[in-house]
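A quick write-up on the structure given underneath.
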Amino acid sequence: MGEYSYLGTTLRQANIEPMPSLSDVRRVITEYGVLPMGSQTVHETAPHVKSIMIAGPHGTGKRMLVNAICSELGANLIDLTAENICGRYPGKAGLTMLLHLVMKVGKLLQPTVVYIGNAEKTFVKKVPKNDMSDPKRLKKELPKIIKKLAPEDRILFVGTSLTPWDADVKSLCQCYQKIVLIPRPDYASRFLLFKELILRNGGRLAPTLDLSSLAKISDGYTPGHIITAVKHVLTERRVQQLHRKPLTALEFVTPLARIDPIYKEEEEQFKKWYSKTPLGKKRAKLKAEEEEGEGGGKGKSAKGGKKKGKGKKKGKGKKKK
């Protein structure tokens with residue numbers, strides 16, 4: 001659930017690169033994950049996307065998007081999260097057997113989505129001492145399996161990450177073809193979230209409920225935070241009282257105040273990490289080329305103007321003679 005970013009074009013005109021909206025994220029996931037996997041013919045002819053990584057702060061709906069892909073496709077979900085396979089199929093032979101079964105079942109029951117939670121742990125630079133899940137178990141084998149996937153195999157590897165900067169960028173990007181960064185929701189998305197969630201939880205939109213102000217003060221909060229706040233306010237007893245005591249925006253302030261929002265420092269950390277990825281570098285290069293092209297065009301027009309001026313002066317001299 002999310003609204004289109006109406007300020008995106010305006011910000012670009014002011015040389016400010018806007019963060020993608022939740023609507024943009026939904027569109028990208030549909031194009032890369034749902035549409036190609038939904039049809040065998042499309043999957044074989046369209047650009048082959050073998051793996052996607054969804055990165056974003058806590059509560060942005062990363063796991064929900066994985067479930068949404070499976071629901072839309074009617075796909076089988078195989079969970080290869082480090083915590084889930086810890087202690088199962090031990091040893092090198094056991095790991096080979098596990099991956100063999102995953103690929104065999106995945107191909108027989110396709111479409112199949114292979115989910116890897118905390119994807120950065122597979123390529124983490126240094127494993128914490130208290131982590132007993134052996135997260136680097138799939139480090140060597142995972143890229144090999146993804147590389148072997150053929151266009152006729154409707155198998156999609158989807159990883160989610162909360163702290164992608166903990167992993168080695170090169171190894172992570174070699175494993176995951178597409179990286180989708182989920183930002184904190186903008187004003188339009190927060191307004192829509194509050195409106196829809198209040199109605200879904202039995203609430204009513206009354207004139208006393210200022211959704212615009214509520215969307216403004218909730219800047220920095222994720223969809224997960226907003227869901228928590230709405231459920232905290234709209235209890236069964238509060239819903240029964242709505243006919244004589246309408247909802248007000250003030251009621252949602254207290255539960256929101258108890259939750260730590262996504263601060264700008266964390267958002268900048270995600271932007272900084274994304275700029276180091278191949279997709280981020282490609283985007284920066286295209287932007288630089290566009291700026292150079294605009295600057296070159298202005299320079300040429302300025303030089304052309306000077307030449308015209310010199311021609312006029314010569315003409316004037318001839319008339320005087």
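Residues that are open to solvent by less than 80 Å² (accessible area, probe 1.4 Å) and under 23 Å from the mean Cα position of the chain (by Cα) were ranked within segment 230-261; the one that is farthest from Gly202 (Cα to Cα) is Pro261. For segment 57-106, taking the residues that are in a helix (DSSP H, G or I) and of a type in the set (Ser, Thr, Tyr), the one that is farthest from the chain's Cα centre (by Cα) is identified as Thr96. Of all residues in segment 194-210, those that are among the hydrophobic types (A, V, I, L, M, F, W, C) and modelled with pLDDT under 90 total 3. Return yes when His232 is at negative phi and either touching a His at 6+ places or on another chain (Cβ under 7 Å) or assigned to a helix (DSSP H, G or I) (or both) and no when it is not. Spelling it out, His232 is indeed at negative phi and either touching a His at 6+ places or on another chain (Cβ under 7 Å) or assigned to a helix (DSSP H, G or I) (or both). Can you spot a residue in segment 150-163 that is without any contact (Cβ under 8 Å) to a residue 24 or more places away in the chain and either surrounded by 23 or more Cβ atoms within 10 Å (Cβ to Cβ) or more than 20 Å from the chain's Cα centre (by Cα) (or both)? The answer is yes, given that some residue of segment 150-163 is without any contact (Cβ under 8 Å) to a residue 24 or more places away in the chain and either surrounded by 23 or more Cβ atoms within 10 Å (Cβ to Cβ) or more than 20 Å from the chain's Cα centre (by Cα) (or both). Scan segment 74-87 for residues that are open to solvent by less than 30 Å² (accessible area, probe 1.4 Å) and not hydroxyl-bearing (Ser, Thr, Tyr) and jot them down. Passing the criteria: Ala75, Leu80, Ala82, Ile85. Exactly one residue out of Asp131, Asp166 is acidic (Asp, Glu) and out of contact with any Asp or Glu (no Cβ under 7 Å at 6 or more places or on another chain): that is Asp131. Taken across segment 48-56, residues that are surrounded by 13 or more Cβ atoms within 10 Å (Cβ to Cβ), in a helix (DSSP H, G or I) and touching a residue at least 40 places away in the same chain (Cβ under 8 Å) do not occur at all. Scanning segment 164-194 for residues that are open to solvent by less than 50 Å² (accessible area, probe 1.4 Å) and over 20 Å from Ser21 (Cβ atoms) yields a count of 8. Among the residues of segment 240-277, those that are in a helix (DSSP H, G or I) and under 18 Å from Asp210 (Cα atoms) comprise Leu250, Glu251, Phe252, Val253, Thr254, Pro255, Leu256, Ala257. Listed by first and then second residue, the pairs with beta-carbon distance under 7 Å, at least 6 apart or on different chains, first residue in segment 230-252 and among the aromatic types (Phe, Trp, Tyr), second open to solvent by less than 20 Å² (accessible area, probe 1.4 Å), are Phe252/Leu214; Phe252/Ala229; Phe252/Val233. Of everything in segment 262-279 that is in contact (Cβ under 8 Å) with a residue 12 or more places away in the chain and in contact with a helix residue (DSSP H, G or I) (Cβ under 7 Å, 6 or more places away or on another chain), the residue that is surrounded by the most Cβ atoms within 10 Å (Cβ to Cβ) is Trp273. The set of residues from segment 195-227 being at positive phi and either surrounded by fewer than 16 Cβ atoms within 10 Å (Cβ to Cβ) or hydrophobic (A, V, I, L, M, F, W, C) (or both) comprises just one member, Gly202. Yes or no: Ala284 modelled with pLDDT under 80, closer than 30 Å to Ala188 by Cα and surrounded by 11 or more Cβ atoms within 10 Å (Cβ to Cβ)? Criteria met by Ala284. Mind checking which residues of segment 29-47 are in contact (Cβ under 8 Å) with a residue 60 or more places away in the chain and touching a Pro at 6+ places or on another chain (Cβ under 7 Å)? Selection gives Met37, His43, Glu44.
The values are calculated or read from the model by the stated rules, or taken from the named source; none is laboratory data. Bear in mind the structure is a predicted one, so any value in this text is a computation, not a measurement. Methodologically, a virtual Cβ is constructed for each residue, glycine included, from the backbone with ideal geometry; neighbour enumeration extends over all protein chains shown. Side chains included, ligands, DNA and RNA excluded: accessible areas come from the protein's heavy atoms. Shrake-Rupley method; radii C 1.70, N 1.55, O 1.52, S 1.80 Å.
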